[in-house]
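Below is one structure, written out as structure tokens; comments come after it.
The values are calculated or read from the model by the stated rules, or taken from the named source; none is laboratory data. Just so you know, these numbers come straight off a predicted model, no measurement behind them. Cβ sites come from the backbone with ideal geometry, for glycine too, and all protein chains shown count toward neighbours. SASA here: full protein model, heavy atoms, side chains in, ligands and nucleic acids out. Shrake-Rupley method; radii C 1.70, N 1.55, O 1.52, S 1.80 Å.
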Amino acid sequence: MAGRKRAARADGDATRARLLEVAGQLFARLGYAGAANKAICEAAGTDLAAINYHFGGRDGLYQAVLFEGYEQLIELQKLKEIHARQDSAENKLSAAIDMIVDRLYDEGGWHGRVFARELVAPSTHLAALVREGVMPRFKLMSDILSEVTGFSAQDPALLRCVLSVIAPMLMMLVVDRDTPTPFRALMTRPADELKSHLKHFALAGLLATKEQASRRGS
């Protein structure tokens with residue numbers, strides 16, 4: 001009896017994972033409106049009831065796809081580990097940038113594309129992604145940049161610093177590698193070149209902003 005229950009659970013987990021993967025591919029290619037439930041289930045080899053059973057409906061499936069896509073781009077646990085290191089803030093920032101750029105270069109699947117689609121054309125699900133996915137990561141990055149600059153969490157300057165560090169990497173995420181743009185050429189170069197530039201640019205800007213604030217306060 002226990003063996004049958006474990007087998008059923010394993011089959012259910014496999015079906016859920018298959019639906020998530022197929023839905024991610026179709027949502028990335030066709031968008032939320034263009035990827036029909038029927039097409040998703042046919043590609044996944046399941047019946048239509050499986051979406052309701054595993055995700056509570058189409059909205060639940062799409063939200064799960066968004067969360068999975070974002071997690072693959074910026075893994076929360078790895079960012080937590082970087083944040084908790086007994087290391088300098090500068091080294092933590094360097095490690096965080098390395099992690100994100102590596103994911104951008106490795107991303108050949110649907111994860112980045114479905115997230116980019118949501119950024120360009122936000123749905124009603126973006127608020128949940130920001131609240132439950134983006135904000136925990138934002139807090140960790142803010143803490144690291146606060147260590148670098150000395151700005152408190154309440155200082156508007158810290159928010160500007162986070163924007164300046166994160167925005168270039170988000171820009172690279174939105175760039176379509178299949179569409180000729182000036183930025184596409186960056187992705188044909190070694191990842192270490194982009195890492196080095198982003199780290200140098202970010203740290204120089206952060207330290208200059210810190211120095212400017214210090215002069216104003218003196």
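At-a-glance table
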quantity: Candidate set: the stretch 185-198, residues that are open to solvent by 80 Å² or more (accessible area, probe 1.4 Å) and part of a helix (DSSP H, G or I); chosen: the one modelled with the lowest pLDDT; calculated: Thr188
quantity: 3 or more residues among the β-branched types (Val, Ile, Thr): qualifying helices (runs of 4 or more DSSP H) within the stretch 67-120; calculated: 89-106
quantity: Total residues in the stretch 121-172, condition acidic (Asp, Glu) and either assigned to a loop (DSSP other than H, G, I, E, B) or without any contact (Cβ under 8 Å) to a residue 12 or more places away in the chain (or both); calculated: 1
quantity: Subset of the stretch 88-137 [open to solvent by less than 20 Å² (accessible area, probe 1.4 Å) and among the aromatic types (Phe, Trp, Tyr)]; calculated: Trp110, Phe115
quantity: Pair list, Cβ < 8 Å and 6+ apart or interchain, from the stretch 47-58 residues that are part of a loop (DSSP other than H, G, I, E, B) to residues that are open to solvent by 70 Å² or more (accessible area, probe 1.4 Å); calculated: Leu48/Lys38
quantity: Of all residues in the stretch 59-79 being in contact with a Lys or Arg (Cβ under 9 Å, 6 or more places away or on another chain) and within 22 Å of Ser196 (Cα to Cα), the one that is most open to solvent (accessible area, probe 1.4 Å); calculated: Glu75
quantity: Given (1) surrounded by fewer than 15 Cβ atoms within 10 Å (Cβ to Cβ); (2) closer than 21 Å to Leu203 by Cβ; (3) among the polar types (S, T, N, Q), index of the condition Gln154 fails; calculated: (2)
quantity: Some residue of the stretch 199-212 being among the polar types (S, T, N, Q), touching a residue at least 60 places away in the same chain (Cβ under 8 Å) and either surrounded by 11 or more Cβ atoms within 10 Å (Cβ to Cβ) or in contact with a His (Cβ under 6 Å, 6 or more places away or on another chain) (or both); calculated: yes
quantity: Members of the stretch 26-38 found to be within 26 Å of the chain's Cα centre (by Cα) and either loosely packed, with under 15 Cβ neighbours inside 10 Å or under 14 Å from Glu118 (Cβ atoms) (or both), listed by number; calculated: Phe27, Ala28, Arg29, Leu30, Gly31, Tyr32, Ala33, Gly34, Ala35, Ala36
